[in-house]
1. Considering only residues of region 16-48 that are farther than 21 Å from residue 1 by Cβ and of a type in the set (Lys, Arg), which is modelled with the lowest pLDDT?
2. Can you find, within region 1-27, the residue that is farthest from residue 46 (Cα to Cα) among those that are surrounded by 12 or more Cβ atoms within 10 Å (Cβ to Cβ) and β-branched (Val, Ile, Thr)?
3. Within region 34-45, can one find any residue that is on the phi > 0 side of the Ramachandran plot and either exposed (fewer than 10 other Cβ atoms within 10 Å of the Cβ) or of a type in the set (Val, Ile, Thr) (or both)?
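The values are calculated or read from the model by the stated rules, or taken from the named source; none is laboratory data. Quick caveat, the model's predicted, so the values are computed rather than measured. Note that we place each Cβ from the backbone using ideal geometry, even for glycine, and neighbour counts take in every protein chain shown.
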Amino acid sequence: MEEIIEGLLEKGIAKTKAEALRLGLLELNDKYQLVGADRELKADILEISRIERDIKTGKEKVYPVKNVDELLA
């Protein structure tokens, strides 16, 4: 199992061991329908993980805003 996790980290599929385990659990849930997970929710969670990874690696930038009005302007 450790080799699989290390492979995920080396290929950049997961940034941390915890993220690799999360992704694996999501896949198991998808396969066995252990929890009534909505497909959109799963897709959103995976997209958030990708965005967080891209922010950490510098592929995405985050710009601070003072309030919501400034963000929507």
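1. So, considering only residues that are farther than 21 Å from residue 1 by Cβ and of a type in the set (Lys, Arg), the one modelled with the lowest pLDDT is 39.
2. Among residues in region 1-27 that are surrounded by 12 or more Cβ atoms within 10 Å (Cβ to Cβ) and β-branched (Val, Ile, Thr), the one farthest from residue 46 (Cα to Cα) is 5.
3. no
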